1. Report the Cα centroid-to-centroid distance between the range 46-77 and the range 22-43 in angstrom, as an integer.
2. Counting only heavy atoms of protein chains, what accessible area per residue, in Å², does the chain have with a probe of 1.4 Å?
3. Just add up the charged neighbours of P180: K/R +1, D/E -1, any other residue whose Cβ is under 12 Å from the Cβ of P180.
4. Compute the signed sum of charges (Lys and Arg +1, Asp and Glu -1) over the other residues within less than 11 Å, Cβ to Cβ, of T128.
5. Place a +1 charge on the Cβ of each Lys and Arg in the range 40-123 and a -1 charge on the Cβ of each Asp and Glu, then give the dipole magnitude about the Cα centre in debye, rounded to the nearest 20.
6. What does the highest-first list of 49-56, 151-158 look like by mean Cβ count within 10 Å?
7. Please list the radius of gyration and Dmax for the chain, considering alpha-carbon atoms only, with Å as the unit.
8. Using θ = phi - 60° and the Karplus curve 6.51 cos²θ - 1.76 cosθ + 1.60, what whole-Hz ³J(HN,Hα) does each residue of the range 138-146 get, with Gly and Pro shown as x?
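The values are calculated or read from the model by the stated rules, or taken from the named source; none is laboratory data. As the structure is a computational prediction, the values presented were derived from the model and not from experiment. Methodologically, a virtual Cβ is constructed for each residue, glycine included, from the backbone with ideal geometry; neighbour enumeration extends over all protein chains shown. The accessibility values were calculated without ligands, DNA or RNA, using every heavy atom of the protein model including side chains. Shrake-Rupley method; radii C 1.70, N 1.55, O 1.52, S 1.80 Å.
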Amino acid sequence: MLLHKLVLGQLQTNCYILADEETKEAIVIDVPDQADVILDFLKEKAYIVRYIILTHGHFDHMLALKEVREATGAPLLVHENCADFLKDTIKNLCHYTGVLWEATEADRYLKEGDIIAFGSQTLHVLHTPGHTADCICLLAGDILISGDTLFWRSVGRTDHPTGSLEEEINSIKEKLLPLPANTKVYPGHGPMTTIGDERKENPYLQ
């Protein structure tokens, strides 16, 4: 499986593109902003986008959603708790930042344990509430896309609507830390890390 990272938007949010090398089928995870950059990259690689997935429904992870969705024709997948975030500008933080948002709906709602297939690859859905109630992480072998749940030496802030630090720490300790130490963690912002490093060094998890 191929993994690409684009850092986009005013909050330097990571957009990940996972692709099956043989079939060119791909999944776009989070669409922060700068739809033209995302679409140009997909065109350059000749990828066929099977799905767009949001790790959670905050504005900085989905501002390019409308354009990328229309251009690729790919269905939108989010956790079932994300339905309100796609419509409510207080929950998705557009209200506080002055960003205009047009309410939308997902094509498919995910839950814990769901499997998403593209080409010969599969992603496993882990529901990790805490940063928000709709947060998910996506696991593919030794690759974990952690959204805003787990960062290098940090965790997602929990002072926004539906956030809970207790829930977040529980999500990480119960679902992420038991993964193999060599699991590569690709967060919603900042550099990659590993589960082993975060077990040892993350001050929020000691």
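1. Using only Cα atoms to place each centre, the spacing works out to 8 Å.
2. Numbers: 9050 Å² over 206 residues.
Using a 1.4 Å probe on heavy atoms only, each residue of the chain averages 44 Å².
3. Values: positive: K184, R199; negative: D142.
Summing Lys and Arg as +1 and Asp and Glu as -1 gives +1.
4. Details: positive: K173, K175; negative: E112, D134, D148, E167, E168, E174.
Once positives and negatives cancel, what remains is -4.
5. On the way: 9 positive and 13 negative charges, 35 e Å.
The calculated dipole for the range 40-123 is roughly 160 debye.
6. Values: 49-56: 25.2, 151-158: 18.5.
Sorting 49-56, 151-158 by mean packing, highest first, produces 49-56, 151-158.
7. 15.7, 45
8. Those phi angles translate into 10, 10, 9, x, 9, 10, 10, 8, 9 Hz.
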